[in-house]
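Just below is one structure, and these are the notes that go with it.
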Protein chains: 2
Amino acid sequence: MFVLITYDVSTQSEGGKKRLRKVAKICENYGQRVQNSVFECIVDSVTLCKVKEQISKVIDAKEDSIRYYNLGNKGRTKVEHIGIESSFDVEDVLII
Amino acid sequence: MFVLITYDVSTQSEGGKKRLRKVAKICENYGQRVQNSVFECIVDSVTLCKVKEQISKVIDAKEDSIRYYNLGNKGRTKVEHIGIESSFDVEDVLII
């Protein structure tokens, strides 16, 4: 499944900056950052549950906002990008 | 169609701040802000072309990034939100 994770973490407090780093770290473990607070992930449903669980433990639900968009298995075909590319395509061949 | 628009507009320069406001203004005309730079829109394909055209005239493609995610007609069912709600649901009944 192609899942998009977008988030707004309030960085007014020091704790907020810490939460922001943690959320980004979790998302980096499972997906590809395409914009500042937008990650694209290719995950199965079990992994998606793990991601959600980890993130919900980190955020402050009274201050932060996390959104998950499930674009299905053909999600890649439903994305259009204009402008500066942030990094490589999550499904592209990675030559190491 | 349920279309998600996410954007990163570089605000290093004064021009960037102006572009950011313009992009947000265009998105507000067609959809609902759900996070700082994330908008959910219910649009038909003709309207979507209009939105894209207006936005591409405003941004600096060498500095800014715009992503369009087409979640189809049942897009609303593919969204999960955790945390603070930014505002009303784009498909909710609006009582005036």
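Exposed loop GluC sites (Glu not before Pro) only (DSSP loop, at most 13 other Cβ atoms within 10 Å): please give the longest stretch of chain A free of them, not including the sites. Longest stretch, sites excluded: A:1-84.
The residues of region A:1-61 expose, per residue, 48 Å² of accessible area to a 1.4 Å probe. The C-alpha radius of gyration of chain B, expressed as a fraction of 2.2 N^0.38 Å, stands at 1.10. Using a 1.4 angstrom probe on protein heavy atoms only, the contact between B and A buries about 2800 square angstrom of accessible area, both sides summed. In this calculation the C-beta distance from A:Lys18 to A:Ile42 is compared with R0 = 35 Å, giving a FRET efficiency of 0.80.
Using a cut-off of 24 Å between Cα atoms, the listed pairs B:Lys17/B:Lys62; A:Lys74/B:Lys78; B:Lys57/B:Lys78; A:Lys74/B:Lys62; B:Lys25/B:Lys57 include B:Lys57/B:Lys78; A:Lys74/B:Lys62 as exceeding that distance. Separation of region A:1-24 from region B:1-65 is 21 Å, based on Cα centroids. Shown for the protein assembly as shown is the translational diffusion coefficient from the Stokes-Einstein equation, using the Kirkwood radius over Cα pairs, a temperature of 37 °C and a viscosity of 0.692 mPa s: 191 µm²/s.
The local environment of B:Gln54, defined by Cβ-Cβ distances under 13 Å, has a net charge of +4 under the rule Lys, Arg +1 and Asp, Glu -1.
3J(HN,Hα) along region B:69-85: 10, 8, 8, x, 6, 9, x, 3, 6, 9, 10, 10, 10, 10, x, 5, 7 Hz, from the Karplus curve 6.51 cos²θ - 1.76 cosθ + 1.60 with θ = phi - 60°, whole Hz, x for Gly and Pro.
Excluding the site residues themselves, the longest part of chain B lacking any trypsin sites (Lys or Arg not before Pro) in a DSSP loop with at most 12 other Cβ atoms within 10 Å is B:1-61.
Using a 7 Å projection from Cα along Cα-to-Cβ, the label point at B:Asp44 is separated from the same position in the remaining copies by 4.2 nm, smallest value first.
The values are calculated or read from the model by the stated rules, or taken from the named source; none is laboratory data. Quick caveat: nothing in here was measured; it's all calculated off a predicted structure. Positions of Cβ are generated from backbone atoms using ideal geometry, with glycine treated the same way; all protein chains shown enter the neighbour counts. Side chains included, ligands, DNA and RNA excluded: accessible areas come from the protein's heavy atoms. Shrake-Rupley method; radii C 1.70, N 1.55, O 1.52, S 1.80 Å.
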